[in-house]
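Q: Can you read through this structure? Questions will come right after.
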Amino acid sequence: MFWIRSFRLKMIMAVAKWGVTRKSWWNLSAPTPRVRFIWVTAEVPPSADTLCRILSFCGHQVVREFYVNDAGLQIRMLGESIWARMKQKENPNFVFPENGYHGDYILDLADTIAKEIDLSSKNPDEAVALCAQDGKEMMLTEIQRALDRFRINFDVWSSEEDLHASGLLDQTLDSIQAKGHLYDREGAVWIKTSQFGDDKDRVIRKSDGQYTYFASDIAYHLEKHRRGFTKAINIWGADHHGYVPRVKAALLSHGIPENWLSVLLIQLVKLWENGQELRMSKRAGSFVTLQELLDEVGVDAARFVFLTKSHDSPLDVDMDLIKKQDSDNPVYYVQYAHARICSIIRKAASEGIAVLDHIDGISEKLALKEEMAIIRTMSEFPALLEDISKTLEAHRLTYYLTHLAASFHRYFNMGLKNSELRVVTEDKTLTQARLILVSGVKIVIANGLRLLGVSAPEKM
RNA sequence: GCGCCUGUAGCUCAGUUGGAUAGAGCAGCGGACUUCUAAUCCGCAGGCCGCAGGUUCGAAUCCUGCCAGGCGCGCCA
């Protein structure tokens, strides 16, 4: 989950027609504001995106949705924070809101907005509202820009505010009411989630008439289910794990089975620099931005590195280490295998030997135990992807590709000592057989890297 | 106090239905480039798999209890 206190940006992938259309593997061969993604959650977009890619690859229809919590207090607080920073330029004693957002990005937003709009004639309420609206739009723009750079695309951007405006919330409330799961207490409206596995009942509408955040979430999920999605996958920061039972309980109260919704909880990343831990406070923090990470190591390396750990395992990241990792990142190991194979294919072509589209009659030429190892590993690819579609553990793909690349590199190096063990040899039939083998590896690696959102260079 | 997650090599992490001598990368040491790309390969060294019990023919994996760290327990978002 991206989490900037003013926003809670929920990424929801809903998978429709779970398991209906399956493709066969064999058909597959074929000083402006900077982005303020907090590091603790920067790993979410790559792993979620890869998961989507794998699910699609396996034949599922996937809709990627980015849900923005832009209703109510949070946005107003954003506006007040920006406004306060503006006022402080001329009056350092201007009071900063108690629960305001302290990050430096607020200063940037304040500067930018101050240049664009003259707020001096506005009364405070109007000014705050304008700051809130502009600040929100600017942050969303930044997020979108960063996602583009990260090669991540969402099909749908939905807003909590729109959810309110559409009347869906009232509708949802009625529907829960009709099922007899609501009651009033001390002026608030409660939902009986405790009857469906939650610790206690929850407030859905506060005594001041405002809906809670939870209310929007219920409406949101029910709407997803109503529209026919057979599976929903939410990706949240691990600090929200306590929230899962109540959402599931609310869904269960509408007869939606517990396993309809999967929530992946991404553990927090601890960041180290110069031997010191950088505490990533949600609102006061020294942010390390996603932009900086991308500048430092590049998109390929950044995406790969986030997918080398299981999502429920915490990761310590040493900035000094990741900065020098640009030449040393495991992604290059896999990419290099791909580039090397391309080089072999070019070499063969220069000698007039093309890659055949079948291996009939020459497959027995492949007899080395290293060749068998490669074939065995390649054959595991489809099952691996199916497994990942079920377990939602995308990190296994990086380990698989590293393993496959290793089996190729080992094979390749034999040819350095003994020219008879090269792919391109004097024996044309043997060469053709080995060409098919390595171009198979090339295809699997290219597919795997594409699923990771990583490029597969032909030369390095 | 209660709940969830984590604890595996010096460091970062894999280890998915319980199965043979527990793996990889980085860091360390020693080797391999007149050759299809050395961003590679080969070898050495490095482990009471947090601790203690239990289940099992067999446990890093399952159960219980501890210890340590992270996170969460509002008419907050």
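Q: Residues that are among the acidic types (Asp, Glu): list the helices (runs of 4 or more DSSP H) wholly contained in the range A:348-421 that include at least 1 such residues.
A: Filter on the range A:348-421 gives A:369-379, A:381-391.
Q: Moving to a separate point now. Any idea how many residues of the range A:295-322 are at pLDDT below 75 and either open to solvent by less than 70 Å² (accessible area, probe 1.4 Å) or in contact with a His (Cβ under 6 Å, 6 or more places away or on another chain) (or both)?
A: Count: 7.
Q: For the range A:221-230, give me each residue that is within 25 Å of A:ASP312 (Cα to Cα) and assigned to a loop (DSSP other than H, G, I, E, B).
A: A:THR230 - this is the single residue of the range A:221-230 that is within 25 Å of A:ASP312 (Cα to Cα) and assigned to a loop (DSSP other than H, G, I, E, B).
Q: A further question on this structure: Return the residues of the range A:77-104 that are within 30 Å of A:LEU169 (Cβ to Cβ), out of contact with any helix residue (DSSP H, G or I) (no Cβ under 6 Å at 6 or more places or on another chain) and outside any loop (DSSP other than H, G, I, E, B); say none if nothing qualifies.
A: A:MET77
Q: Something else now. What's the number of the only condition in (1) away from RNA strand B (no atom under 11 Å from the Cβ); (2) open to solvent by 50 Å² or more (accessible area, probe 1.4 Å); (3) closer than 16 Å to A:LEU421 by Cα; (4) not aromatic (Phe, Trp, Tyr) that A:VAL355 fails to meet?
A: (3)
Q: I've got another one for you. Considering only the range A:153-190, state which residues are hydrophobic (A, V, I, L, M, F, W, C) and either within 15 Å of A:TYR213 (Cα to Cα) or in a loop (DSSP other than H, G, I, E, B) (or both).
A: Hits for the range A:153-190 are A:PHE154, A:LEU163, A:ALA165, A:LEU168, A:LEU169, A:LEU173, A:ALA188, A:VAL189, A:TRP190.
Q: For the range A:219-239, how many residues are farther than 25 Å from A:HIS311 by Cα and modelled with pLDDT of 85 or more?
A: 5
Q: Hey, can you tell me all the residues within the range A:185-197 that are more than 9 Å from RNA strand B (Cβ to nearest atom), modelled with pLDDT of 90 or more and not hydrophobic (A, V, I, L, M, F, W, C)?
A: Listed by number, the residues that qualify are A:LYS192, A:THR193, A:SER194, A:GLN195.
Q: Just checking, does the range A:392-407 include any residue being over 33 Å from the mean Cα position of the chain (by Cα), modelled with pLDDT of 90 or more and open to solvent by less than 70 Å² (accessible area, probe 1.4 Å)?
A: For the range A:392-407, residues over 33 Å from the mean Cα position of the chain (by Cα), modelled with pLDDT of 90 or more and open to solvent by less than 70 Å² (accessible area, probe 1.4 Å): absent.
Q: Here is a list: A:VAL444, A:VAL424, A:VAL454. Which entry is β-branched (Val, Ile, Thr), assigned to a loop (DSSP other than H, G, I, E, B) and closer than 30 Å to A:ILE152 by Cβ?
A: A:VAL454
Q: Can you pull out every residue in the range A:198-207 that is among the charged types (D, E, K, R) and more than 6 Å from RNA strand B (Cβ to nearest atom)?
A: Correct list: A:ASP198, A:ASP199, A:LYS200, A:ASP201, A:ARG202, A:ARG205.
Q: Oh, and also: Using beta carbons and a limit of 9 Å, which pairs, at least six apart or on different chains, have the first residue in the range A:178-202 and farther than 14 Å from A:LEU252 by Cα and open to solvent by 50 Å² or more (accessible area, probe 1.4 Å) and the second one of a type in the set (Gly, Ala, Ser) and within 14 Å of RNA strand B (Cβ to nearest atom)?
A: Listed by first residue and then by second, the contacts come to A:GLU186/A:SER207; A:GLY187/A:SER207; A:ASP199/A:GLY242; A:LYS200/A:SER194.
Q: Of the residues A:SER379, A:SER389, A:SER350, only one is within 13 Å of RNA strand B (Cβ to nearest atom) and open to solvent by 70 Å² or more (accessible area, probe 1.4 Å); which?
A: Just a single option satisfies the conditions, and that option is A:SER350.
Q: A:SER166 - would you say it is of a type in the set (Ser, Thr, Tyr) and open to solvent by less than 60 Å² (accessible area, probe 1.4 Å)?
A: No: the conditions fail for A:SER166.
Q: Pick out the one residue from A:ARG85, A:ARG76, A:ARG149 that is under 30 Å from A:ASP300 (Cα atoms) and open to solvent by 30 Å² or more (accessible area, probe 1.4 Å).
A: Exactly one residue qualifies, and that residue is A:ARG149.
The values are calculated or read from the model by the stated rules, or taken from the named source; none is laboratory data. Small disclaimer: the values here were computed from a predicted structure and weren't measured. Glycine gets a Cβ as well: all are built from the backbone with ideal geometry, and neighbour counts include every protein chain shown. When the accessible area is computed, the model is the full protein with side chains, heavy atoms only, and any ligands, DNA or RNA have been set aside. Shrake-Rupley method; radii C 1.70, N 1.55, O 1.52, S 1.80 Å.
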